[in-house]
Every structure is written in C-alpha cells, then in structure tokens.
C-alpha cells in the first residue's frame, strides 16, 4: 500500500476516516469488510478478489485539528511499536493472508496479553526495556509502582509477561 500522506480538508475526525476508507476501496480495488478506530489509528480488514489483509490508516491532525492528513499502510509495513493496537479478531480474520507478518502479529498478541494481565496492589512485577528491574504495585488505575522508595507511573507496555 502507499505510504504518501493524503490531506483531508475538514475538522472532522470521522470525515477523515470515511475519506480514508473510500481511498483504500477506490485506489486498490478492494472492499473494507471491518474497521475500528483506536486513537489515531484506524484498523481495517481489506478484501481483494484474491485474499484479505490488514491495513492501518494513521491520522494526523494539522492546524489544531481543523485539517487532517492520513497515511495508509498494509500489514507488512506495520512494524512501529505504537502500531500494535490492532484487534486480535482482525488477525484471525486474515490468518491466511500472503501479506502476513508473523513478528508484528506476535507483538500485537503480546500487547493484548499485557492489557488483560490482572495486577493487584501489593504485587511485584518485572519490567522490560527500563533500568528498573521490578516494582511493587501501589495503585492500579493508573498503574503506580514503588522502586527504592520512589513512585513511578508504569505503562503496561513495560510489563514483562509472566
């Protein structure tokens, strides 16, 4: 799929999504079977005459949201860490896609597993990608951890899977 930015001259987030869906369908001769928005990412299951694949539309507001631009990526190009919010059902719907990228699908599954992980006050949890090896949970919404007497807000993406 294309990686150029398309501009949408409206202040409407919803209008930009509709324009992006129409662009995917028109430009690639495909139909969008399912779609969902997660933040500024719109995830789609796209069906061509030969197969289904996952596409993501990244939305970016410009001029304080009066205008929007968007970029369309197919699954094979979804390798940035923040692009792992794709619904797991979309992975299952496109299991036989030739554009399937297993490394990225593994990251998506880990993201959802971390979100489902049940954490209680008093639990000790290990962290990844940080200098702090583990924290004791002091609050769960938001997730607050204590390390050496200092409290830190803990993003779930830093939790080590148990």
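Values for this structure:
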item: So residue 113, is it modelled with pLDDT of 85 or more and either under 30 Å from residue 20 (Cα atoms) or touching a strand residue (DSSP E or B) at 6+ places or on another chain (Cβ under 8 Å) (or both); result: yes
item: Qualifying residue in segment 137-149 (condition: assigned by TED's automatic domain parsing to the domain that holds residue 19 and either touching a strand residue (DSSP E or B) at 6+ places or on another chain (Cβ under 7 Å) or at positive phi (or both)); result: no
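The values are calculated or read from the model by the stated rules, or taken from the named source; none is laboratory data. Owing to the predicted nature of the structure, the values given are computational and were not obtained by experimental measurement. With ideal geometry, Cβ positions are generated from the backbone for all residues, glycine too; neighbour counts draw on all protein chains shown.
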